[in-house]
Amino acid sequence: MSPAASTPAYRRLSVEERRAQLLEAALSLFAHRAPEDVSLDDVAEAAGVSRPLVYRYFPGGKQQLYEAALRSAAEELRHCFDEPHEGTLLPRLARALDRYLRFVDSHDAGFTALLQGGSVVETSRTTAIVDGVRRSAAEHILSHLDVTDPGPKLRMTVRVWITAVEAASLIWLDEDKQPPAEELRDWLVEQFVAVLNVTAARDPQTAALVRALASADG
């Protein structure tokens, strides 16, 4: 076989593929360096393209690229909580957490970039993107609890637990992904049950919910 025949044919990336490539490169950089310390030249170099090409896809510059990267990670993270309403609650919650932790494991750079704060490029829009993921997760969980009108204590309990899941995931990455994901998942499920029981002592709505869950789980 001739050298020319053995060389793989060059394939031009589609618009969608190129955009995804640039977002992946940006997320990796934003995860390890403050966004204000990342230039478009850095993104171009990481993606193996020219700076004008980055501008072609993101004419608004770094701010537009940063927000697009956050939206990309946020959208994927939202889908982690899309769990069919089948079976009892805790196995459903465990399956959602399995997907969540798989995302964290395989997209650790994107996950860190999504949740990091304090950047000078942070705006009301980027804050809204991150908060939208948390609110979406809370709505999914309340839906699985079959609660259509949660009181403030129950709603706060769910949102506090989601914050704990985020914090635990970031620490898990920092601790070289230890303990194993299955152990972390089980611990987080147990934490959810525990915080519900604490709130139940002060909130009749949550108390009724805890009794219903205990009855359903046998």
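The values are calculated or read from the model by the stated rules, or taken from the named source; none is laboratory data. Values in this document were obtained by computation on a predicted structure and should not be read as measured data. Glycine gets a Cβ as well: all are built from the backbone with ideal geometry, and neighbour counts include every protein chain shown. Areas reflect the complete protein model, heavy atoms only, side chains present, ligands, DNA and RNA absent. Shrake-Rupley method; radii C 1.70, N 1.55, O 1.52, S 1.80 Å.
Tabulated data for the structure shown
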{"quantity": "Close pairs from the stretch 85-96: first open to solvent by less than 60 Å² (accessible area, probe 1.4 Å), partner modelled with pLDDT under 90 and outside any helix (DSSP H, G or I), Cβ under 6 Å, at least 6 apart", "calculated": "T88/D217; R92/E83; A96/E83"}
{"quantity": "Single unsatisfied condition, E190 versus (1) at pLDDT below 95; (2) open to solvent by 40 Å² or more (accessible area, probe 1.4 Å)", "calculated": "(1)"}
{"quantity": "From the options T123, T127, T206, T157, residue that is more than 21 Å from D82 (Cα to Cα), buried (at least 18 other Cβ atoms within 10 Å of the Cβ) and either of a type in the set (V, I, T) or at pLDDT below 90 (or both)", "calculated": "T206"}
{"quantity": "Count - residues of the stretch 56-76 that are more than 25 Å from the chain's Cα centre (by Cα), in a helix (DSSP H, G or I) and farther than 15 Å from Q21 by Cβ", "calculated": "0"}
{"quantity": "Extreme residue, farthest from A216 (Cα to Cα), among residues of the stretch 76-107 that are aromatic (F, W, Y) and at pLDDT 85 or above", "calculated": "F103"}
